[in-house]
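Novice: I have a structure I would like to understand better, so I am pasting it below and will then ask my questions one at a time.
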Amino acid sequence: MLVPPIMHIEAIDRRDVNQLLVAWGHRMGAVNRPVYSFEAHHAMFQHGEPVAVTVTGETAREVVGSTGLFRTEVAELVRLCALRPGMCRPMLRIWREMIFPLIAARHRRSFAVSYQDEALHTGNLYRFDGWIFIGKGGGGGLDSRTGRSGRSMKIWGWAQTEADLDKLRALRRLTNKAA
């Protein structure tokens, strides 16, 4: 007996991901930033209906906050959003374990990063998934690109190899000493 899949992941386009981000009330809304060298959008479907999405791309800045990592070394998880809050955690793990490795190989990236706006959430989602706090970004003054007030951000990192994870752990130690 053939049974249709209960869930699956597939690539979707920017228009579709933006519609879902808006419909589900993502606090940062639709993705309106330029496409740098790459951008990838994925959705998790349950019984054929989308329940979670990710947007991956290159970082907007040349250097990732206070980390010293360069844009060319990282893939940024730009958005993570779900129809139901409980779906963010499995989508993050699937992104980390299945989507990021493909993007990293194709675009020669060693690290994944994601910015956490400290005013909007605690970062527990990343912490509980094994990501490493690696630095700060944003903060005082105006954003030179948008003119909006800068927001205080924590930067979380992930890597596939133990050697690269060690590099992120070293960044965390440097960040903790500076704090």
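Novice: Kindly write out, for region 25-36 in residue order, the coupling ³J(HN,Hα) from the Karplus curve 6.51 cos²θ - 1.76 cosθ + 1.60 (θ = phi - 60°), rounded to whole Hz, with x marking Gly and Pro.
Specialist: Coupling constants for region 25-36: x, 4, 4, 9, x, 5, 8, 10, 6, x, 7, 7 Hz.
Novice: Select from Q116, P5, L83 the residue farthest towards the positive end of the dipole of the chain; place +1 on Cβ of Lys and Arg, -1 on Cβ of Asp and Glu, and compute about the Cα centre.
Specialist: Of the options given, the answer is Q116.
Novice: Under a point-charge model restricted to the Cβ atoms of Lys and Arg (+1) and Asp and Glu (-1), what is the dipole moment magnitude of the chain relative to its Cα centre, in debye to the nearest 20?
Specialist: That gives the chain a dipole magnitude of about 540 debye.
Novice: Take the chain, connect every pair of alpha-carbon atoms lying under 10 Å apart with a spring to form a Gaussian network, then pick out the residue of A163, A52, A43 with the largest mean-square fluctuation.
Specialist: Taking springs between Cα atoms under 10 Å, the residue moving most is A163.
Novice: Provide the per-residue ³J(HN,Hα) series for region 51-65, in order, calculated from phi with Karplus coefficients 6.51, -1.76, 1.60 and θ = phi - 60°, each as a whole number of Hz, with x at glycine and proline positions.
Specialist: Working through the residues one at a time gives 10, 7, 9, 10, 10, 10, x, 8, 5, 5, 9, 5, 10, 7, x Hz.
Novice: Can you give me the relative contact order of the chain as a percent, contacts being Cα pairs under 8 Å and 6 or more apart?
Specialist: 16 percent.
Novice: A follow-up question, please. So, R0 is 35 Å and r is the distance between the beta-carbons of R151 and D13; what FRET efficiency does that work out to, to 0.05?
Specialist: After rounding, the FRET efficiency stands at 0.80.
Novice: Quick one: Karplus J couplings for region 77-92, per residue in order, coefficients 6.51, -1.76, 1.60, θ = phi - 60°, nearest Hz, x for Gly and Pro?
Specialist: 7, 6, 9, 9, 8, 9, 4, 10, x, x, 8, 5, 5, x, 5, 4
Novice: Continuing with this model, one more query. First select every other residue whose beta carbon is under 15 angstrom from the beta carbon of A170; then total the charges, Lys and Arg +1, Asp and Glu -1.
Specialist: Net local charge, A170 excluded: +1.
Novice: Pulled fully out, how much extra length does the chain show between A163 and N32, if you take 0.36 nm times their separation in residues and subtract their Cα-Cα distance?
Specialist: 43.7 nm
Novice: Divide by every residue of the chain the summed helix terms, -39500 (n - 2.57) for each DSSP H run of at least 4, and state the resulting mean residue ellipticity at 222 nm, rounded to the nearest 500 deg cm²/dmol.
Specialist: Roughly -7500 deg cm²/dmol at 222 nm, from the helical runs in the chain.
FYI, it's all coordinate maths here, none of it is from the lab. The model shown is predicted, which means the values in this text are computed figures rather than measured ones. Cβ: placed from backbone, ideal geometry, glycine included. Neighbour counts: every protein chain shown.
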